[in-house]
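Student: Could you have a look at this structure, given as structure tokens, before my questions?
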Amino acid sequence: MDWQTSEDTVPSAPVTEADARSLLGRPPATGAWRDGDPVGERQFAAFGSFRTEGGRELPAYRLAFESWGELNAARDNAVLVLHALTGDSHVRGPAGPGHPTTGWWDDIVGPGAPIDTDRWFVVAPNMLGGCQGSTGAASIAPDGYEWASRFPYLTIRDQVAAQVRLADALGIDVWAAVVGGSMGGMHALEWAVGLPDRVERVGILSAPPINTADQIALNSVQIEAIRIDPRFQSGEYYDAADGDGPTRGLALARRMALLNYRSPTELNQRFQRSWQSGVSPLGHGGRFAVESYLDFHGNKFTRRFDANSYITLVEAMNSHDVGRDRGGIDDALARVTARALVLGIDTDRLFPIEGQHRIARGIRSTLDGDSAVVLTSDFGHDGFLIETHLVGAHVRRLLES
């Protein structure tokens with residue numbers, strides 16, 4: 001549940017005039033990728049009917065994905081990389097038509113990188129319910145209109161079940177590794193627990209074994225920020241003109257979320273009490289620099305994401321409980337047979353390190369015993385995206401195990 005694009009995962013910095021100019025113009029009602037938009041590096045896999053855990057039926061769905069490297073003859077060199085809440089399939093590569101941002105893990109995936117595409121066949125899907133090519137609320141339903149508010153509630157297990165069909169379609173019986181961070185780490189953990197015979201190695205980065213009441217509470221205010229925007233129109237906003245969509249609510253939800261992705265240390269060191277301009281914020285209409293920073297990134301986000309998808313994915317995160325219907329967390333973790341890397345960030349206030357330690361204690365096949373690897377970083381939860389040198393060394397260690 002993080003920034004998930006390289007240009008946003010750099011250390012926080014004050015907003016420049018050039019930054020502000022980049023957001024001139026009215027934002028679209030949805031920032032979702034739509035049919036007819038440039039495809040970019042996406043590939044698509046289409047599937048038939050899909051029944052959710054909640055009993056709803058999608059008559060058909062598709063997953064957008066990107067891949068790098070070559071699948072070998074034995075089909076045993078495939079690595080699944082799973083993105084976080086607001087990410088997509090564009091793990092590496094430049095921005096361009098179809099891809100508004102550069103790859104979010106360019107330093108981790110590529111030739112000679114920790115996930116070396118000269119050796120591994122890497123697959124990165126946009127999760128079911130997302131808005132960057134996979135079926136979600138902004139997709140067209142069989143009646144010719146967007147799914148919008150009719151799109152079904154999804155769980156983490158639903159999304160993994162959709163990924164299983166993708167693996168089958170690609171002819172991959174066993175992943176050499178499944179690696180994910182944040183929400184992607186929830187998916188990786190679910191793969192290892194629910195399908196242990198299909199995962200040889202697993203990397204669980206900055207993800208918990210269960211979404212706690214505190215985390216659900218944080219998510220609930222973000223969802224409400226979107227729903228109370230009068231332009232949300234109960235999710236039926238796709239025909240709205242530019243500037244008339246629920247962008248204020250979505251931007252506010254993003255601003256709330258960003259406070260959990262970074263640490264107080266980084267924000268205090270980067271911004272202190274500086275002003276955005278020469279106009280005082282102390283009763284004279286000016287703004288503190290940190291306010292402009294949050295506002296800029298919230299507004300920028302609305303141009304590449306969809307409000308309904310945000311709700312769908314946040315609610316899926318709320319469903320995360322690896323022990324549900326499995327006898328509890330410890331019994332569930334005991335099912336894992338994959339060699340496991342469990343990694344967390346010491347300043348993570350979204351998914352504190354205690355959650356990663358609990359996962360490590362419960363998995364018998366971790367690389368580091370009953371404790372998670374703990375990275376020291378000022379960047380909080382987003383450290384797993386920013387501290388690529390440190391993270392990459394551990395991912396390389398997993399793949400060489």
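The values are calculated or read from the model by the stated rules, or taken from the named source; none is laboratory data. On a predicted model such as this, the values are computed, not experimentally measured, just so you know. As a convention, Cβ positions derive from the backbone with ideal geometry for all residues, glycine included, and neighbour counts pool all protein chains shown. Surface areas here come from the heavy atoms of the whole protein model, side chains and all, with no ligands, DNA or RNA. Shrake-Rupley method; radii C 1.70, N 1.55, O 1.52, S 1.80 Å.
Student: Under a plain spin-label model, where a point goes 7 Å from the Cα along Cα-to-Cβ, how far apart in nm are Asp331 and Ser274?
Tutor: 5.4 nm
Student: While we're looking at this one, here's another question. May I ask you to rank Phe384, Phe379 by accessible area, largest first, using a 1.4 Å probe over the protein chains only?
Tutor: On the way: Phe384 5, Phe379 30 Å².
Final ranking, largest accessible area leading: Phe379, Phe384.
Student: So for the chain: antiparallel DSSP bridges make up what percent, rounded to the nearest 5? Show your work: numbers first, answer last.
Tutor: On the way: 15 of 38 bridges.
Rounded to the nearest five, the antiparallel share is 40 percent.
Student: Could you compute the longest span of the chain free of GluC sites (Glu not before Pro) located in DSSP loops and having at most 12 other Cβ atoms within 10 Å, not counting the site residues? Could the numbers behind the result be given before it?
Tutor: Values: sites that count: Glu7, Glu70, Glu400.
In short, 71-399.
Student: At 7 Å along Cα-to-Cβ for each site, give me the label-to-label distance between Ala393 and Arg56 in nm.
Tutor: 4.5 nm
Student: Ignoring ligands, DNA and RNA, please state the percent of accessible area on the range 285-401 from carbon and sulfur, probe 1.4 Å. The partial results should precede the final answer.
Tutor: On the way: 1910 of 4160 Å².
Exposed carbon and sulfur together represent 46 percent of the surface.
Student: Which of rounded, prolate, oblate describes the range 83-179, given a ≥ b ≥ c as roots of the alpha-carbon gyration tensor eigenvalues and a/c under 1.5 marking rounded, otherwise prolate only if a/b is larger than b/c? Mind showing how you got there, number by number?
Tutor: Details: a/c = 2.48, a/b = 1.50, b/c = 1.65.
Cα axes put the range 83-179 in the oblate bin.
Student: Just name one of Met127, Gly249, Gly112: the one whose Cα is farthest towards the positive end of the charge dipole of the chain (beta-carbon charges, Lys/Arg +1, Asp/Glu -1).
Tutor: Sorting the options by dipole projection puts first Gly249.
Student: Full extension from Arg303 to Ala74: what is 0.36 nm times the residue separation minus their Cα-Cα distance, to one decimal in nm? Please list the in-between numbers first.
Tutor: Values: separation 229, 0.36 × 229 = 82.44 nm, distance 4.20 nm.
Separation in residues times 0.36 nm, less the Cα-Cα distance, equals 78.2 nm.
Student: Based on Cβ point charges of +1 for Lys and Arg and -1 for Asp and Glu, what charge dipole magnitude is obtained for the range 142-196 about its Cα centre, in debye rounded to the nearest 20?
Tutor: Working: 3 positive and 6 negative charges, 21 e Å.
The dipole magnitude comes to about 100 debye.
Student: A follow-up question, please. Counting each DSSP H run of 4 or more residues in the chain as -39500 (n - 2.57), what helix-only mean residue ellipticity at 222 nm follows after dividing by all residues, to the nearest 500 deg cm²/dmol? Walk me through the numbers before you get to the answer.
Tutor: Values: 12 runs with 126 residues, N = 401.
Calculated mean residue ellipticity at 222 nm is -9500 deg cm²/dmol.
Student: Can you send over the solvent-accessible area of Val160, 1.4 Å probe, protein chains only, in Å² to the nearest 10?
Tutor: 10 Å²
Student: In debye to the nearest 20, how big a dipole does the range 312-391 give about its Cα centre with +1 on each Lys and Arg Cβ and -1 on each Asp and Glu Cβ?
Tutor: Numbers: 8 positive and 13 negative charges, 76 e Å.
Dipole about the Cα centre, nearest 20: 360 debye.
Student: Pop out the ³J(HN,Hα) list for the range 88-96 in order, Karplus 6.51 cos²θ - 1.76 cosθ + 1.60 with θ = phi - 60°, rounded to Hz; leave Gly and Pro as x.
Tutor: 7, 7, 7, 5, 9, x, x, 5, x
Student: Taking H placed 1.01 Å from N in the peptide plane, check which residues at least 5 places from Trp175 or on another chain put their amide H under 5 Å from its amide H.
Tutor: Under 5 Å from the amide H of Trp175 lie the amide H atoms of Val199, Glu200, each far enough along the sequence or on another chain.
Student: Could you give the accessible area per residue of the range 262-381, probe 1.4 Å, as a whole number in Å²?
Tutor: Heavy-atom SASA per residue in the range 262-381 reads 41 Å².
Student: Note down the magnitude of the dipole of the chain about its Cα centre, charges +1 on Lys and Arg C-beta and -1 on Asp and Glu C-beta and zero elsewhere, to the nearest 20 debye.
Tutor: Roughly 280 debye, rounded to the nearest 20.
Student: Still on this structure, please answer the following. Working with all protein chains in place, sort Leu390, Leu398, Leu218 by solvent-accessible area computed with a 1.4 Å probe, largest first. Show your work: numbers first, answer last.
Tutor: Working: Leu390 70, Leu398 0, Leu218 50 Å².
Result, largest first: Leu390, Leu218, Leu398.
Student: Spin-label point model (7 Å from Cα, Cβ direction): what's the Asp37 to Arg364 distance in nm?
Tutor: 4.6 nm
Student: Using R₀ = 45 Å, calculate the FRET efficiency as 1/(1 + (r/R₀)^6) where r is the Cβ-Cβ separation of Ile228 and Thr376; round to 0.05.
Tutor: On the way: r = 39 Å, r/R0 = 0.86.
So the FRET efficiency works out to roughly 0.70.
Student: Here is a further query. Residues with amide H under 5 Å of Thr366's amide H, sequence separation 5 or more or different chain, H placed in the peptide plane at 1.01 Å from N; which?
Tutor: Amide H neighbours of Thr366: Ala340.
Student: Next question, about the same structure. In the range 137-206, what percent of the accessible surface is made up of carbon and sulfur (1.4 Å probe, ligands and nucleic acids excluded)?
Tutor: Values: 1010 of 1900 Å².
Accessible surface attributable to carbon and sulfur in the range 137-206 totals 53 percent.
Student: From zero up to wherever the largest Cα-Cα distance of the chain sits, split into 10 Å bins and tell me the percent of pairs in each.
Tutor: P(r) for the chain, in whole percents per bin: 5, 24, 34, 25, 10, 2, 0.
Student: For Thr101, enumerate residues with amide H under 5 Å from its amide H, sequence gap 5+ or separate chain, H modeled in the peptide plane.
Tutor: Gly96
Student: Nearest 5 percent is fine: what portion of the DSSP beta bridges confined to the range 40-198 is antiparallel? Don't skip to the end; give the middle numbers.
Tutor: Numbers: 13 of 22 bridges.
Once the DSSP bridges in the range 40-198 are tallied, antiparallel ones form about 60 percent.
Student: Can you give the accessible area per residue of the range 100-151, in Å², using a 1.4 Å probe?
Tutor: Values: 1640 Å² over 52 residues.
Result: 32 Å² of accessible area for each residue.
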